[in-house]
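Okay, structure first, notes after.
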Amino acid sequence: MLTVTRLSAGYGSFRALFDVSLEVRAGETVAVIGPNGAGKTTLLRAISRLIDPSSGEISMEGQLLNHVPSHEVIAHGIAHVPENRRLFPRLTVEDNLRMGAYVPSARARFAERLERVYQLFPRMQERRRQAAGTLSGGEQQMCAIGRALMSGPRLLLLDEPSAGLAPVMVQSIFEAVRLMSSEGYTVLIVEQNIRQVLGIAQRGYLLETGRIKASGTSAQLLSTDEIKQAYLGL
């Protein structure tokens, strides 16, 4: 579904990614793990066209995305839940969800998808008339994921969904991602919570200093000495 080939990208003269290649097949949940500053967020921003790659290719279902404007990426079936959620704080929860269905292809199925989001996140239905800015961090993350799902994406990009959340909320977010995966959603998730994310992903890539250092099934990555020593404290 998604193919990234020898991608390099950065900000001005600073280069954050070096010849990164990866793929995500339909129906998979794939994790990109690694420390702070590894280039994980830059990778997602390049895929969703928020920044231009300096070299390499990004394709979705065989269609090259390198020159697609960022506001058209969602029409290609990609929805991005960014770091720090980026909700509209003064709008209600339901109005934030409504914003996720702004593309013409999503409007006809608004009611159906809203009901599905409320099934996935019952707390969002309870808070539907509450201003998004007054929600807890975990509730805001639920709202941000729900907003992305309203577009009916074929690929969901999640950037550090557990960052800054209380442990009970982290569990709720990962359980929601696991459920989405079981329902056939295709997910590319960037995370520092390695043990948790590899517990729900089928495959993963280890990104360090802008380069892919290892890849494999989640079980293979969890069994490597490098990850055990550097990230799991074993």
Condition test on Arg6, is it under 25 Å from Arg203 (Cα atoms), buried (at least 21 other Cβ atoms within 10 Å of the Cβ) and assigned by TED's automatic domain parsing to the domain that holds Leu207? no
I need the full set of residues from the stretch 57-110 which are within 20 Å of Ile47 (Cβ to Cβ), part of a loop (DSSP other than H, G, I, E, B), touching a residue at least 24 places away in the same chain (Cβ under 8 Å) and more than 16 Å from the chain's Cα centre (by Cα), in order please. Glu61, Val103
Can you name every one of the helices (runs of 4 or more DSSP H) wholly within the stretch 192-234 that holds 2 or more residues which are within 19 Å of Val24 (Cα to Cα) and in the same structural domain as Val32 (by TED's automatic domain parsing)? 194-198, 218-223
Scan the stretch 174-190 and tell me whether some residue there is at pLDDT below 95, of a type in the set (Phe, Trp, Tyr) and either within 16 Å of the chain's Cα centre (by Cα) or not in a loop (DSSP other than H, G, I, E, B) (or both). yes
Quick one: Gly100 ticks every box in (1) modelled with pLDDT of 95 or more; (2) in contact with a helix residue (DSSP H, G or I) (Cβ under 7 Å, 6 or more places away or on another chain); (3) not aromatic (Phe, Trp, Tyr) except a single one, so which number is it? (1)
Could we say that Ser151 is in contact (Cβ under 8 Å) with a residue 12 or more places away in the chain and farther than 23 Å from Ile74 by Cβ here? no
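The values are calculated or read from the model by the stated rules, or taken from the named source; none is laboratory data. The shown structure was predicted, so the numbers you read here are calculated from the model rather than taken from an experiment. All Cβ positions, even for glycine, are placed from backbone atoms using ideal geometry, and neighbour counts span all protein chains on display.
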